[in-house]
1. In what sequence do 137, 252, 234 fall when counting other Cβ within 10 Å, fewest first?
2. On a C-alpha basis, how far is the centre of region 153-167 from the centre of region 61-135 in Å? Whole number, if you could?
3. Taking the beta-carbon count within 10 Å as an exposure proxy, list 312, 306 from fewest neighbours to most.
4. For region 295-310 and region 171-244, what is the centre-to-centre distance using only Cα atoms, to the nearest Å?
5. Report the local net charge at residue 171: Lys and Arg +1, Asp and Glu -1, summed over other residues whose C-beta lies under 15 Å from its C-beta.
6. What list of ³J(HN,Hα) values in whole Hz, one per residue of region 281-290 in order, does the Karplus curve 6.51 cos²θ - 1.76 cosθ + 1.60 (θ = phi - 60°) give from phi, with Gly and Pro shown as x?
7. Given a Förster distance of 45 angstrom, what is the FRET efficiency for residue 231 paired with residue 111, based on the Cβ-Cβ distance and rounded to 0.05?
8. At a Förster distance of 22 Å, what's the computed FRET efficiency of residue 324 paired with residue 162, Cβ-Cβ distance as r, to 0.05?
Amino acid sequence: MHLVVTFHRLALSRAPNMSTTARAASSDVFEGVLVPPRAPAPASPHAHKYYQDRNRKWPFHTNDAGARLLGALFDAAREVIAVLDAHIAARAVDEGERESILREGADIYAKKPSIRERDVTWSQAEYRHLGLQREYCRFKSVQRFTETWACLERAMTAGVFEGVGGGTRRVASLGGGPGFELIAVREFFAMHFPDVTLDLISLDLEESWRGAAEGLGLRFAQWDLRSGRVAEACGGEVDFAVASYVFKMYMCEDVVADWLAEELKTINSVLVINRDEYLKQGCAMMESRGVDVLKLLKQDVGHDDRQLVFSRDRGFKPWSNASSMTFPNVPYEEHKKKSVDRDGGHGGSRGGGGGGGWRSNNNRWGDRSGRGSSGNRW
Ligand SMILES: C[S@@+](CC[C@H](N)C(=O)[O-])C[C@H]1O[C@@H](n2cnc3c(N)ncnc32)[C@H](O)[C@@H]1O
């Protein structure tokens, strides 16, 4: 970390001669991402505005507690970005090369060249690119943190963490990359289960995520999710796992469903966070292997599979109203209300997003398919 601080100061001291790219790299990467309420005191407790998207086009809102959590997240992410900046500086022979690494990373992040060819957001070679990693940590951190936090709140309302008690709990992120979802787990447990000591591990095929994950204070192990054996990879049995933005692209195949269904005999539950609202095939793969799929988002205006809990033989509560959410409308749900209004449908609730959940086999609304409008926003 000392090296990082030194680099950061060095970069700032060069400011007068810097090009635009270099200046962008050294200015505060989270400037303008969280906007405090204007005086006088607002009526809504969710008066802080924040953005998950790169272009700051789509505002979300949070309360004072959420604003504090985001502030702490920014601090952690700034440190990791500083680590990546130091690696980029060490690799580049001169300022020009450093800028070109940053520019390439920004291009790969924005253009996603592998989506069409390989049907993955980024290829493994692209994930390895330090400039891409920098962009990823900068722009994905807020979305991953807030979505995981909202998922944890819903899961807690459904009773997923009942009996967690004290002691040490191990939580693994499958295909975890830098692991911002685990930072949400860490802060959430610190708030709600302060007697629990956590062992948090990001498991990922891409070894070069290690620096970012360890920079965030997580353990990291290189692991191929096609191989299973999660406990072996983590050095002991795992209590909970998170699959954030990996299920559809990397886990919806028999070889993965087989081991996951088997390992859920010892893993308490797996929280699955996606951008896809319709994952009928993936859910069916798990259910046909004896896994219960709990849907955490309301299903009353159509399918919404963006937050799921996989478990075996655990009795969760059926639908129940959530207490107030820290990050309402996460993931973005207001389009569902709009489409229902437009179609003259069922009149779903606006904002918030509920807690509790629906068993997928209790879904009352048939097979309406298709991805929601939010699916392509990021
Ligand atoms: C979209 S990223 C998600 C990262 C993180 N979970 C998040 O939500 O930000 C997908 C991750 O899956 C990893 N990955 C791809 N194939 C994998 C495999 N076979 N085994 C383990 N991880 C893999 C990639 O390296 C990448 O870090």
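1. Ranking 137, 252, 234 by Cβ neighbours within 10 Å, fewest first, gives 252, 234, 137.
2. 33
3. Sorted ascending by nearby Cβ count, the order is 312, 306.
4. Between the Cα centre of region 295-310 and that of region 171-244, the gap is 24 Å.
5. Working: positive: 144, 169, 170, 186, 219; negative: 181, 187, 199, 204, 237, 239, 263.
Net charge in that neighbourhood comes out at -2.
6. Once θ is set to phi - 60°, the couplings for region 281-290 become 5, x, 5, 5, 4, 6, 5, 5, 9, x Hz.
7. Computed FRET efficiency for residue 231 and residue 111: 0.70.
8. 0.60
Bear in mind these aren't lab numbers, they're just calculated from the coordinates by the rules spelled out. Note that the coordinates shown come from a computational prediction; the quantities given were computed from them, not determined experimentally. Don't worry about glycine lacking a Cβ; one is built from the backbone with ideal geometry, like all the others, and counts go over all protein chains shown.
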